[in-house]
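Student: Have a look at this one before I ask anything.
The values are calculated or read from the model by the stated rules, or taken from the named source; none is laboratory data. Model, not experiment: these values are computed from the prediction. All Cβ positions, glycine included, derive from the backbone under ideal geometry; neighbour counts span all protein chains shown.
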Amino acid sequence: MTQQLIAVDAGALSDLIDRLTKIETLLASAELSRREDWLSIPEAARILKCDPSTIRRKINSGELKASGSGKTRRVKLS
């Protein structure tokens, strides 16, 4: 692999570093859900040992939190 030397404006580089630092701070303070926390309706039904229609009913009643729609709908159990 060949290395190249690139000239960069010091002010622009400093601004970029400041922006990245702000993004890192925002991400560190954000509550992000892991992908594994959000399950498909069939996955949630298997874990709760019930029918997928029961999961849908619990979503509609507000007992379970859900995101998305149709086949992309995900359920949060915790």
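Student: Suppose we keep only residues that are touching a Ser or Thr at 6+ places or on another chain (Cβ under 8 Å) and either touching a residue at least 12 places away in the same chain (Cβ under 8 Å) or hydroxyl-bearing (S, T, Y) (or both) within the range 35-66. Which one would you say is surrounded by the fewest Cβ atoms within 10 Å (Cβ to Cβ)?
Tutor: Within the range 35-66, the first condition is being touching a Ser or Thr at 6+ places or on another chain (Cβ under 8 Å), and the residues that meet it are 37-38, 45, 48.
Adding the requirement that they be either touching a residue at least 12 places away in the same chain (Cβ under 8 Å) or hydroxyl-bearing (S, T, Y) (or both) leaves 37-38, 48.
On the way: D37: 12, W38: 18, L48: 15.
Step by step, filter the range 35-66, then rank; the result is D37.
Student: Output the residue which, of all residues in the range 9-34 that are exposed (fewer than 10 other Cβ atoms within 10 Å of the Cβ) and outside any helix (DSSP H, G or I), is modelled with the highest pLDDT.
Tutor: Restricting to residues being exposed (fewer than 10 other Cβ atoms within 10 Å of the Cβ) and outside any helix (DSSP H, G or I), the top hit is D9.
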